[in-house]
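Everything below concerns the one structure shown next.
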Amino acid sequence: MRPAPFEVEDLFAALRGMFRPLSSDAPFPIVIERAQVPTMVTDENKVSQILRNLISNALKFTERGEIRVSVRHDSDRGEGVFAVADTGVGIAAADLGRIVDEFVQVDTSGGRRERSSGLGLPHYRSLAELEGGPLKAGSGVGGGSKFTLRLPTAFAQATSR
């Protein structure tokens with residue numbers, strides 16, 4: 001971990017630039033909302049890695065609608081709450097707990113299986129835990145998915161939640 005102060009809006013601006021070419025080619029928008037959270041002190045590169053992976057996963061499973069990336073400040077808990085939501089195929093409730101296990105891939109609608117190692121989400125869940133927060137998934141078949149990352153605005157030694 002290399003915690004340092006950074007502005008989430010600067011990170012979101014970089015994400016907008018990175019995904020702009022994909023958004024212009026996709027039949028749906030990738031909306032990265034304006035960030036209105038205080039300066040965070042954590043490892044910006046790891047936060048960026050997690051968000052890029054979640055956006056990339058959303059691109060794989062979304063054919064129409066949108067992908068929306070947002071952050072809000074939970075002042076009561078001193079956390080930035082990041083969310084990546086899509087309107088894709090979704091994940092069955094029975095599979096939600098398994099998607100963060102190593103080497104696991106779940107069938108999507110029509111039995112389609114994405115080609116991957118099944119290591120992305122487990123790796124990024126571990127990074128989130130190093131940063132001091134959980135990475136949680138919510139979804140329903142045909143209803144899209146939403147991944148939420150809660151991180152302390154000021155890094156402290158990580159603890160499991």
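Is at least one residue of region 25-43 aromatic (F, W, Y) and open to solvent by less than 40 Å² (accessible area, probe 1.4 Å)?
Our first condition is that a residue be aromatic (F, W, Y); within region 25-43, this holds for 28.
Narrowing further to those that are open to solvent by less than 40 Å² (accessible area, probe 1.4 Å): 28.
So far as region 25-43 goes, yes, one or more of its residues are aromatic (F, W, Y) and open to solvent by less than 40 Å² (accessible area, probe 1.4 Å).
Just to be sure before I move on: is V81 within 20 Å of D10 (Cα to Cα), in contact (Cβ under 8 Å) with a residue 40 or more places away in the chain and either assigned to a loop (DSSP other than H, G, I, E, B) or touching an Asp or Glu at 6+ places or on another chain (Cβ under 6 Å) (or both) in the structure I sent? Give the derivation first.
On the way: within 20 Å of D10 (Cα to Cα): yes; in contact (Cβ under 8 Å) with a residue 40 or more places away in the chain: yes; either assigned to a loop (DSSP other than H, G, I, E, B) or touching an Asp or Glu at 6+ places or on another chain (Cβ under 6 Å) (or both): yes.
Spelling it out, V81 is indeed within 20 Å of D10 (Cα to Cα), in contact (Cβ under 8 Å) with a residue 40 or more places away in the chain and either assigned to a loop (DSSP other than H, G, I, E, B) or touching an Asp or Glu at 6+ places or on another chain (Cβ under 6 Å) (or both).
Being farther than 13 Å from D43 by Cβ and modelled with pLDDT of 85 or more is the filter here; which residues of region 127-141 pass it? Break it down into steps so the answer makes sense when it comes.
Filtering region 127-141 down to residues farther than 13 Å from D43 by Cβ leaves 134-141.
Answer for region 127-141, where residues must be farther than 13 Å from D43 by Cβ and modelled with pLDDT of 85 or more: P134, L135, K136, A137, G138, S139, V141.
Looking across region 66-124, the residues that are modelled with pLDDT under 75 and under 30 Å from E7 (Cβ atoms) come down to V100, G120.
The values are calculated or read from the model by the stated rules, or taken from the named source; none is laboratory data. None of these values were measured; they are calculated from a predicted model. FYI the Cβ positions are ideal-geometry reconstructions off the backbone, even for glycines, and counts take in every protein chain you see. Accessible surface areas use protein heavy atoms only, side chains included; no ligands, DNA or RNA. Shrake-Rupley method; radii C 1.70, N 1.55, O 1.52, S 1.80 Å.
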